[in-house]
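Each remark here refers to the structure printed beneath this line.
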Amino acid sequence: MTNTDYNGWTNYATWRVNLEIFDGFDPYCDAGFDSDVTAYDLSQYLKEYAEEHLAHNADDQSLAYSYAMAFLADVNWYEIAEHMIKEYSEEESV
């Protein structure tokens, strides 16, 4: 099995989506979650958010849209959600 991790993340897709779409995204303020949100629930929200953003800004019949959706399929949404929850819980404790 090939190691595909990238900059400490599961893979390049996860790193890049977190960096370019969710950098600075506050799940409590921006998405209205409260402090007891689960990583699973947040991960599902993040996936839907990214897919809707993509669909809103692209023709869903285009080749580029198809490639972008394939790229999003490689994202570890749960890892991003866990990272957000940890990041914001650390900020609250400071």
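Readers should treat all values here as calculations from the given coordinates under stated rules, not as data from a laboratory. Keep in mind the model is a prediction, meaning the values are calculated, not measured. Here the Cβ positions follow ideal geometry from the backbone for every residue, glycine too, while neighbour counts run over all protein chains shown.
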What distance in nm separates the two pseudo spin-label positions at Asp5 and Leu19, each 7 Å out from Cα along the beta-carbon direction?
1.7 nm
Please report, in whole Å, how far the alpha carbons of the chain spread along each principal axis, starting with the longest.
45, 35, 20
Helix-only CD estimate at 222 nm, as mean residue ellipticity for the chain, using -39500 (n - 2.57) per DSSP H run (n ≥ 4)
-19000 deg cm²/dmol
If amide H atoms are built 1.01 Å from N in the plane of the peptide, which residues on other chains or at least 5 residues away come under 5 Å of the amide H of Asn76?
Thr14
Calculated from backbone phi, Karplus (6.51, -1.76, 1.60) coupling profile of segment 65-70 in Hz, x at Gly/Pro:
4, 4, 5, 5, 5, 5
